[in-house]
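Written below as structure tokens is the structure these notes are about.
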Amino acid sequence: MAFVDLESDRFAHLQDLMDAAGLKFVVTTNSRRTLSHAGEAKVAVLSVNTALANGAPRLLSELNMPDPIAEELRQADRQGLLTNSGALASRIADQQPLLTLQEVLDIPMIDPESLDYFDQLCGEVDQTHLPVMIAHHGFLPQHTPRLGPYTEMINGGQVRRRLLDLQRPVLYLHGHIHRDVVEIIHGPGGGDKADRPPLISVAAPQLGEGFNRIDLEFMTGGQLLGISISRFRVNDMSGTVALSGSPERVSFVNRYRFPDVAHKLLVSLVESKIGSGYDILTKAKSLGVNLSGLEIEDLVMSFCWQGHFRALGSSSLSFLSQEFRFL
């Protein structure tokens, strides 16, 4: 169905076909919200359809197409004896006919009502939820120059401004360009940009090449520490899927203002260079640090995301069993 306006239900026919075939209709026709949590880890997801305006017709400029038969007759009958007769005159154009052509365009965009809906969703959930927007098209300019019309999202600037105006971390997941691109932008404001909430855009590869796994890590109170992007790619020789390279980590942690009572602990940990979570808790107790085990775990993990500490073992290990190197 050709695009007419944003009010027309262009996906109703597709849904009817899938319903008739007994298939589940999984297409996001406009926008769809999903809330999910695991303990204190919470996400608020809005899936949006960025292809609402695809299929819009555009009339090309009128093209003058010469009529070779009429031109030959005019050249052979310069006196107009034949071409001026009523029968022939009605069949031969006195001037070149006009031919109008039509082009069908793909116009990436996010319906402004979907942006309003995302604002509403973010207002309904608390600050421990990470807002996530999932779309096919990215809103930032593409890395490869394209000469065709509407190759970029037509309201990409509006999307960027609206997401930054939320004043909270936002994760934007998309495809379309199919490149390993992670882009981070911060809104305007004073002070260090590390203190301003990031807007992180992550592009997915083509499905035939593999997929990305996005891991989120939260503190015990629900504060987001950071995201880890693991790239799993298909080996063309074996046809197997395996992790490609090291995961890319993006910290959401501002400069952590740790309690004064933890200063002695941190100095002691840096001096010892390496230790387990159990060693850290034992040392904290010997130093008289008045923090709970969970508070110390949050403290250590936040410094890992800031790059001061490094966890050496698998992320599936408990804090007590995890080994840490203090940089």
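The numbers here are math on the coordinates, done by the rules we state, and not lab data. On a predicted model such as this, the values are computed, not experimentally measured, just so you know. As a convention, Cβ positions derive from the backbone with ideal geometry for all residues, glycine included, and neighbour counts pool all protein chains shown.
Some points to look at:
- Distant-in-sequence amide H partners of Val289 (H built 1.01 Å from N, under 5 Å): none
- Three-way shape label, segment 133-236, alpha-carbon gyration tensor, a/c 1.5: oblate
- For segment 208-213, Karplus couplings with θ = phi - 60° (6.51, -1.76, 1.60), whole Hz, Gly/Pro x: x, 9, x, 7, 9, 10
- Anisotropy class of segment 1-43 from Cα gyration tensor, a/c 1.5 cut: oblate
- Prolate/oblate/rounded label for segment 212-327 (Cα gyration tensor, a/c 1.5): prolate
- Student exercise, segment 226-327 dipole from Lys, Arg, Asp, Glu Cβ charges, in Debye to nearest 20: 180 debye
- In this structure, the amide hydrogen of Phe309, modeled 1.01 Å from its nitrogen in the peptide plane, lies closer than 5 angstrom to those of Cys304, Leu327, counting only residues at least 5 positions away or on a different chain.
- Taking other residues whose beta carbon is less than 13 angstrom from the beta carbon of His176, and scoring Lys, Arg as +1 and Asp, Glu as -1, yields 0.
- Amide proton proximity set for Gly210, modelled H, under 5 Å, gap of 5+: Val234
- The length gained on full extension between Glu248 and His178, counted as 0.36 nm times the residue separation minus their Cα-Cα distance, comes to 23.5 nm.
- In sequence order, calculated HN-Hα J values of segment 164-179 (Karplus, 6.51, -1.76, 1.60; Hz; x Gly/Pro): 5, 5, 5, 6, 8, x, 9, 10, 10, 10, 8, x, 6, 7, 6, 10
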